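The values are calculated or read from the model by the stated rules, or taken from the named source; none is laboratory data. Nothing here was measured: the structure is a model prediction, and the numbers come from that model. Neighbour counts run over all protein chains shown; Cβ positions are idealised from the backbone, glycine included.
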Amino acid sequence: MAITTDQRLALAMTIPDTPVWRLSLEQYHRMIQTGILTDDDPVEFLEGLLVTKMPKNPPRSLTTYLTRDALARVVPAQWYVDAQEPFTTADSEPEPDVLRHLQAQDVALVVEVADATLQRDRTLKKRMYARAMIPVYWIINLAERMIEWYTRPFTAEGEADYAQRQDVAEDGMIPVVLDGVEVARLPVRDLLP
């Protein structure tokens, strides 16, 4: 049986053979409260591990800005759009590039801008967002100049994933779906640098 690209990526994202110390969410928060971790530390808390965040670069920063601005213009007034701010799940506190609301149960859409982070965004982060039942997950894939649109999160036999993936090309329109209702469509080209 041949191994798929996604399976290869998932294998690459497994925990290393060297000893790793898992933290609870409470321990992570205490590290922040006591000043062990600060805003200057380039880490985020994913599935019980401190994971290095990728450094920002101009294309990634511009894409984050364009996406946040475009979403803020089209979402209804009761929704909140933010960029690179943490929200809490059962075992993680990711800092996605764009999101709505700050509690996982209130998040309708999470956006990650991917260049060097594409592998992590397609495996670890996708699994984490699916486990938190985030209904819509976008990966703005800068290398391929498209948006990967994931919907219908599920968990089965301890695994979490999205049942549906659609790729929207640079010349396409990406639907903005909140609580199962399409509120707008955005040109993918307008979100790319």
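Regarding Val176, is this residue under 16 Å from Ala72 (Cα atoms), at pLDDT 95 or above, in contact with a Gly (Cβ under 9 Å, 6 or more places away or on another chain) and surrounded by 15 or more Cβ atoms within 10 Å (Cβ to Cβ)? So Val176 fails the test.
This table checks each residue for (1) under 23 Å from Ser24 (Cα atoms); (2) in contact with a Gly (Cβ under 8 Å, 6 or more places away or on another chain).
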residue	(1), (2)
Arg60	no, no
Gln78	no, no
Val98	no, no
Leu118	no, no
Thr123	yes, no
Pro135	no, yes
Ile140	no, no
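Taken as a whole, the structure leaves Tyr129 outside the set of residues that are in a strand (DSSP E or B), modelled with pLDDT of 90 or more and farther than 25 Å from Thr38 by Cβ.
Of all the numbered requirements in (1) modelled with pLDDT of 85 or more; (2) of a type outside the set (Asp, Glu); (3) more than 16 Å from the chain's Cα centre (by Cα); (4) within 25 Å of Ala108 (Cβ to Cβ), Phe45 misses one, and that requirement is (3). Of all residues in segment 50-76, those being of a type outside the set (Lys, Arg), out of contact with any helix residue (DSSP H, G or I) (no Cβ under 9 Å at 6 or more places or on another chain), assigned to a loop (DSSP other than H, G, I, E, B) and over 17 Å from Glu182 (Cβ atoms) number 2.
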